[in-house]
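The values are calculated or read from the model by the stated rules, or taken from the named source; none is laboratory data. None of the values given here were measured: they were computed from a predicted structure. Cβ: placed from backbone, ideal geometry, glycine included. Neighbour counts: every protein chain shown. Just the protein is used for accessible areas: all its heavy atoms, side chains included, with ligands, DNA and RNA removed. Shrake-Rupley method; radii C 1.70, N 1.55, O 1.52, S 1.80 Å.
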Amino acid sequence: MPEMDLLPATRRALLHRLATAQAEGRAPSLVGAVLRDGAPVWTEGRGLVDGAPPTADTQYRIGSLTKTFVAVLVLRLRDEGRLDLADTLGAHLPQAPAATAGLTLAQLLAHTGGIAAETPPPWWERTDGGVRPEPADILEPEPVKHPAGRRFHYSNPGYALLGALVEQLRGAPLGQVLHEEILAPLGMTRTSLLPQAPHAHGWAVHPWADVLLPEPATDTGRMAPAGQLWSTVQDLSRFGAFLAAGDPAVLAEATLTEMRTPVAPPDGPAWDAGYGLGLMLKQDGGRQLAGHTGSMPGFLCTLWVSPADRLGAIALANTTTGLAVGGLAADLLRITAEHEPRIPDPWRPLDTYDPALLELTGPWYWGPGAVAVRLRPGGDLELGPLTGPGRAARLKAQPDGTWLGLDGYYAGETLRVIRDASGTVTHLDLGSFVFTREPYGDPDVTPGGLDPHGWRPGPA
């Protein structure tokens, strides 16, 4: 049963936060939204667009949120077996500039390739893309600023190169690939590379007077993958639902989980944020958010999702600076979560299970450390500390009888179930760590053996 609409007190708190942001940030217009269980449950517009408040159908330029769409296209190619993220850019894009040909696709996706943050002059966001007709034109003569793989260094040209890679492998322009592989499957009919009415106009607000200057709505050409898209709250609600749970028509949930996994911390002391594969990651009050901010001259944008809360939030504004939309969207999500915490799904017994798996469940010991193995829906196992913090992981059965760690410390590691001649389980071997039913319970399976005198009282 779907949950009811937001409570009046929640709506009032959201409206107050949005209205305060628009007034204090002096944004010509601002629209915000909250998603719950993949659907918008609150939308509000402040200010004016062509004489009326903006709505969920008003287009805004979304800037660098475009990068997440490009990352999805690259991950689709990976999931199809067309490339590996460890491949170099030059292996798939012959026209890649020499300085970038050896960078891996993973490095470009996570901004760890070390190449320049921006293009050579003129300022690419305010100039026609015809100024830079080829991939080599988007990079400085010496674009490498840091050794590859050493640090996070945000790069707009890096994503322009990924967009060129997508066009090369698909044999079609980026806009066509976006439509066929993301926009059409998700029902995003109001997302486009160029503005479509009704849309907001980009403005710069004078820092010392309440007057406006129009910003150009340029077609950035080769740089389009870095920040060209326009979209609406309605369309971004669909994209947010996809980022939280996946969609088999676009990307599997497991691949979205991979995209949300931290790859690089930010540059600087703020370790409450990081970057995955095309997704910004943020810790907000103990809540883990994924999404992206965006800016282009005249526009600001943020989309955050919290899969654990089944919530998302969007903020779109038509001003160049002055409004912290990243914090605003995070606050909209937090307000909803705090006012209306998620109601857990009803517990139900498993519909079906393999009785042999019960033999693996229950308490185990790594040396003296107690852990528990639990059977989860779908036949997965979950290993975690019996009490308190500690290493935990989900494990999936493999055809050869082993189990593969899916996350946490044991991600990618193999668990083997070891049996004696009679078929009885004697211990578990997880990446060479031995788990027994008793603390250091069997000297024959414990590496290094055990003291022959066994457990003893402390010294007098």
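How many angstrom separate the Cα center of segment 4-23 from the Cα center of segment 164-195?
A separation of 34 Å, based on Cα centres.
Quick check: the angle from helix 325-339's long axis to the longest principal axis of the chain, C-alpha only, nearest 10 degrees?
Tilt of helix 325-339: around 50 degrees.
Angle check, please: helix 8-25 long axis (alpha carbons) against the longest principal axis of the chain (alpha carbons), in degrees 0 to 90, nearest 10.
50
Can you tell me which lysines have their Cα less than 30 Å from the Cα of Lys396? Leave out same-chain residues fewer than eight positions away.
Lys282
Report the charge-dipole magnitude of segment 105-205 in Debye, nearest 20, computed about the Cα centre from +1 at each Lys and Arg Cβ and -1 at each Asp and Glu Cβ.
For this selection, approximately 320 debye.
I'd like the Karplus ³J(HN,Hα) series for segment 453-458: coefficients 6.51, -1.76, 1.60, θ = phi - 60°, whole numbers in Hz, and an x wherever there's a Gly or Pro.
Values per residue, Gly and Pro as x: 7, x, 5, 8, x, x Hz.
Could you tell me which of Val305, His339, Gly322 has its Cα farthest along the dipole of segment 289-357 towards the positive end, charges placed at Cβ (Lys, Arg +1; Asp, Glu -1), taken about the Cα centre?
Most positive-ward Cα: Gly322.
When the chain is fully extended, how far beyond the present Cα-Cα distance does Thr352 get from Leu7, taking 0.36 nm per residue of separation?
On the way: separation 345, 0.36 × 345 = 124.20 nm, distance 3.81 nm.
120.4 nm is the gain from fully extending Thr352 to Leu7.
Using per-residue counts of other Cβ atoms within 10 Å, averaged over each peptide, order 132-139, 313-320 from highest down.
Going from most to least packed, we get 313-320, 132-139.
In percent, what relative contact order does segment 279-393 have, based on Cα pairs under 8 Å that are 6 or more apart in sequence?
Here the relative contact order equals 13 percent.
Can you tell me how segment 404-459 classifies by the Cα gyration tensor, rounded, prolate or oblate, using a/c under 1.5 as the rounded cut?
oblate
Please calculate how many Å² of accessible area segment 1-91 carries per residue, with a 1.4 Å probe and no DNA, RNA or ligand atoms counted.
43
Give the share of C-alpha pairs in each 20 angstrom bin for the chain, from 0 to the last occupied bin, in whole percents, shortest bins first.
Each 20 Å bin holds this share of Cα pairs: 22, 48, 24, 6, 0.
First check a/c for segment 62-184, with a ≥ b ≥ c the square roots of the eigenvalues of its C-alpha gyration tensor; if it is under 1.5, answer rounded, and if not, answer prolate when a/b is larger than b/c or oblate otherwise.
oblate
Based on the Cα atoms of segment 154-193, what semi-axes does the equivalent ellipsoid have, where each is the square root of 5 times one gyration tensor eigenvalue, given in whole Å with the largest first?
20, 13, 7
For Cα pairs less than 8 Å apart in space and 6+ apart in sequence, what is the mean separation divided by the residue count of the chain, i.e. the relative contact order in percent?
The normalised contact order for the chain reaches 17 percent.
Is segment 3-105 rounded, prolate or oblate when judged by the Cα gyration tensor, a ≥ b ≥ c being the square roots of its eigenvalues, rounded requiring a/c under 1.5 and prolate requiring a/b larger than b/c?
Details: a/c = 3.66, a/b = 2.21, b/c = 1.66.
Prolate is the answer for segment 3-105, as a/c is 1.5 or above and a/b outweighs b/c.
Report the label-to-label distance for His146 and Gln196 in nanometres (one decimal), using points 7 Å from each Cα along the Cα→Cβ vector.
If labels sit at His146 and Gln196, their model points lie 3.8 nm apart.
With a probe of 1.4 Å, find how much accessible area segment 304-419 has per residue, and write the answer as a whole number in Å².
Ligands and nucleic acids excluded, the result is 53 Å² per residue.
Find me the longest stretch of the chain that has none of the exposed chymotrypsin sites (Phe, Trp or Tyr not before Pro), where exposed means in a DSSP loop (not H, G, I, E or B) with at most 11 other Cβ atoms within 10 Å.
Looking at the chain, 1-122 is the longest stretch - no exposed chymotrypsin sites (Phe, Trp or Tyr not before Pro) with at most 11 other Cβ atoms within 10 Å.
Could you work out the pair-distance distribution P(r) of segment 367-456 from its alpha-carbon pairs, with 5 angstrom bin width and percents rounded to whole numbers?
Reading the bins upward from 0: 3, 12, 22, 24, 19, 12, 5, 2, 0.
Restricting to the chain, what percent of DSSP beta bridges are antiparallel, rounded to 5? Numbers along the way, then the final one.
On the way: 75 of 76 bridges.
Looking only at bridges with both residues in the chain, the antiparallel portion is about 100 percent.
In the chain, carbon and sulfur make up what percent of the accessible area (probe 1.4 Å)?
Carbon and sulfur together cover 57 percent of it.
Determine ³J(HN,Hα), in whole Hz, for all residues of segment 232-246 in sequence, where each value follows from phi through the Karplus function 6.51 cos²θ - 1.76 cosθ + 1.60 and θ = phi - 60°; x replaces Gly and Pro.
10, 4, 4, 5, 5, 5, 5, 5, x, 4, 5, 5, 7, 10, x
From the backbone phi of segment 173-181, what are the Karplus-calculated ³J(HN,Hα) couplings (6.51 cos²θ - 1.76 cosθ + 1.60, θ = phi - 60°) in whole Hz, Gly and Pro given as x?
My calculation for segment 173-181 gives x, 4, x, 5, 5, 4, 5, 6, 9 Hz in order.
When the Cα centres of segment 71-98 and segment 116-130 are compared, how far apart do they sit, in Å?
The two parts, judged by their Cα centres, are 24 Å apart.
Once every DSSP H run of n ≥ 4 in the chain is given -39500 (n - 2.57) and the sum is divided by its residues, what mean residue ellipticity at 222 nm do you get, rounded to the nearest 500 deg cm²/dmol?
-6500 deg cm²/dmol
Taking the Cα centre of segment 308-347 as the origin, how large is its charge dipole in debye, to the nearest 20, when only Lys and Arg (+1) and Asp and Glu (-1) carry charge on their Cβ atoms?
I would put it at about 100 debye.
So what's the gap between the Cα centers of segment 387-460 and segment 200-215, to the nearest angstrom?
64
With only Lys, Arg, Asp and Glu charged, each at its Cβ (+1 for the first two, -1 for the last two), find how big the charge dipole of the chain is about the Cα centre; round to the nearest 20 debye.
Dipole magnitude for the chain comes out near 600 debye.
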